[in-house]
Amino acid sequence: QVQLVESGGGLVPPGGSLSLSCTVSGGTSSTYVLAWFRQVPGKDRDFVAFINRNGDLQNYSSAVKGRFTISRDNAKNTVYLQMDSLKPEDTAVYHCAAGPDLNVYARAYNFWGQGTQVTVSS
């Protein structure tokens, strides 16, 4: 069974930076498209970014484009999300996901991590 575990969340002031990691186990990460989504209470999970299997194609939501960077290291079975110029509206639980296709919809992804809380506040 494929498992994903996120790390790196925390509290950061507006304008600050944070780096998230997600390690894939129980399978080979290079088999999957990897993505990040985020969720606030009472709302659906929103797409943040995805990256293709060999890491040379990325896509971002308009809300984070230019501020966030997704990358992956298949040798370490890990996907990363570098978040810069953080805003209070970036506050959410961030989940990584693995799936077969490049897609911005959560339902397209088969495997999910439990999430890590990111809070942007002064």
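The values are calculated or read from the model by the stated rules, or taken from the named source; none is laboratory data. Treat the numbers as computed from the prediction; the structure is a model and nothing was measured. When we count neighbours, we look across all protein chains shown, and the Cβ atoms used for this are built from the backbone with ideal geometry, even at glycine. Ligands, DNA and RNA are excluded from the accessible area calculation, which covers all protein heavy atoms including side chains. Shrake-Rupley method; radii C 1.70, N 1.55, O 1.52, S 1.80 Å.
Candidates are the residues of the range 81-112 that are assigned to a loop (DSSP other than H, G, I, E, B) and of a type in the set (Asp, Glu); the one that is nearest to residue 41 (Cα to Cα) is 84.
With respect to residue 40, is the statement that it is surrounded by 14 or more Cβ atoms within 10 Å (Cβ to Cβ) and β-branched (Val, Ile, Thr) true? So residue 40 fails the test.
Could you please let me know if residue 2 is open to solvent by less than 20 Å² (accessible area, probe 1.4 Å), farther than 23 Å from residue 122 by Cβ and modelled with pLDDT under 95? Yes: the conditions hold for residue 2. Between 33, 48, which is surrounded by 14 or more Cβ atoms within 10 Å (Cβ to Cβ) and touching a Gly at 6+ places or on another chain (Cβ under 6 Å)? Exactly one residue qualifies, and that residue is 33. Each residue in the range 51-66 was checked for being open to solvent by 30 Å² or more (accessible area, probe 1.4 Å) and outside any strand (DSSP E or B), and 8 pass. Among the residues of the range 113-122, the one identified as open to solvent by 20 Å² or more (accessible area, probe 1.4 Å) and either assigned to a helix (DSSP H, G or I) or touching a helix residue (DSSP H, G or I) at 6+ places or on another chain (Cβ under 7 Å) (or both) is 121. Looking at 42, 9, 15, 55, just one residue is in contact with a Gly (Cβ under 9 Å, 6 or more places away or on another chain) and small (Gly, Ala, Ser), and that residue is 9. Among residues of the range 50-62 that are more than 16 Å from residue 31 (Cβ to Cβ), those with a beta-carbon under 6 Å from a residue that is crowded, with 16+ Cβ neighbours inside 10 Å and not hydroxyl-bearing (Ser, Thr, Tyr) at least six positions away or on a different chain give the pairs 58/51; 58/70; 59/50; 60/49; 61/47; 61/48.
Okay, residues lined up against (1) free of Cβ contacts under 8 Å to residues at least 24 places away in the same chain; (2) open to solvent by less than 70 Å² (accessible area, probe 1.4 Å):
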site	(1), (2)
75	yes, no
90	no, yes
105	no, no
111	no, yes
